[in-house]
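The values are calculated or read from the model by the stated rules, or taken from the named source; none is laboratory data. Since the structure is predicted, the reported quantities are computational estimates derived from the model, not experimental observations. No Cβ is skipped: glycine too gets one built from the backbone with ideal geometry, and neighbour counts run over all protein chains shown.
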Ligand SMILES: [Cu+2]
């Protein structure tokens, strides 16, 4: 995310998209959250519902779309050992968005708007994971953190930055391909965009990945 958090102004209320029930669940949680406490209580409910409903296992190529301020899809099921290729697309005409995956969002950062260079997650999913990045288009910056990243094609035309979680940050209309094998890290993981001092995340720009054992 680097310095992108401070570039934009505070966002207006999100538009009313055609939401599926699944998105409505997450979206409602975001809108109803008066603060972090309320939000995390709602998130627990969402997790519980997801546990009951589940979703089919995805492998291979997945298109993951970023909007203001939500992801489509906002729920995925992966399996350990599967080859994945996430094609990340920023569909916003105006806003920068990133994609981070982790566990234990840092509530002290979440609530305290001063420490912008801190990681958003207590545990970064990508730590130690081999990742291949390719086909960058309108990528603002990329933070590899502790992932083992290789870059396919010409020298990446974007800034490889330090600080924070593994995160590609896309300019409006940007995209990038992220290929990897699902590591042996089963369980529930969360993803989110922490751009603009966590406002995107708080507004509903997040999702869940349930990773099944091999
Ligand atoms: Cu965002």
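Here are some notes:
- Candidate set: the stretch 163-199, residues that are out of contact with any strand residue (DSSP E or B) (no Cβ under 7 Å at 6 or more places or on another chain) and buried (at least 23 other Cβ atoms within 10 Å of the Cβ); chosen: the one nearest to residue 57 (Cα to Cα): 198
- Unique match (being free of Cβ contacts under 8 Å to residues at least 40 places away in the same chain, more than 15 Å from the ligand (Cβ to nearest atom) and within 18 Å of residue 93 (Cα to Cα)) among 151, 158, 137: 137
- Test: residue 210 is in a loop (DSSP other than H, G, I, E, B) and either within 14 Å of the ligand (Cβ to nearest atom) or more than 15 Å from residue 124 (Cβ to Cβ) (or both): no
- Test: residue in the stretch 112-132 that is within 16 Å of the ligand (Cβ to nearest atom) and modelled with pLDDT of 95 or more: no
- Subset tally (residues that are closer than 17 Å to residue 67 by Cα and either within 8 Å of the ligand (Cβ to nearest atom) or not in a strand (DSSP E or B) (or both)) for the stretch 186-196: 4
- The stretch 145-159 - residue that is more than 20 Å from residue 83 (Cβ to Cβ) and surrounded by 15 or more Cβ atoms within 10 Å (Cβ to Cβ) and, of those, farthest from the chain's Cα centre (by Cα): 156
- Single match in 78, 19 (criterion: at pLDDT below 50 and outside any helix (DSSP H, G or I)): 19
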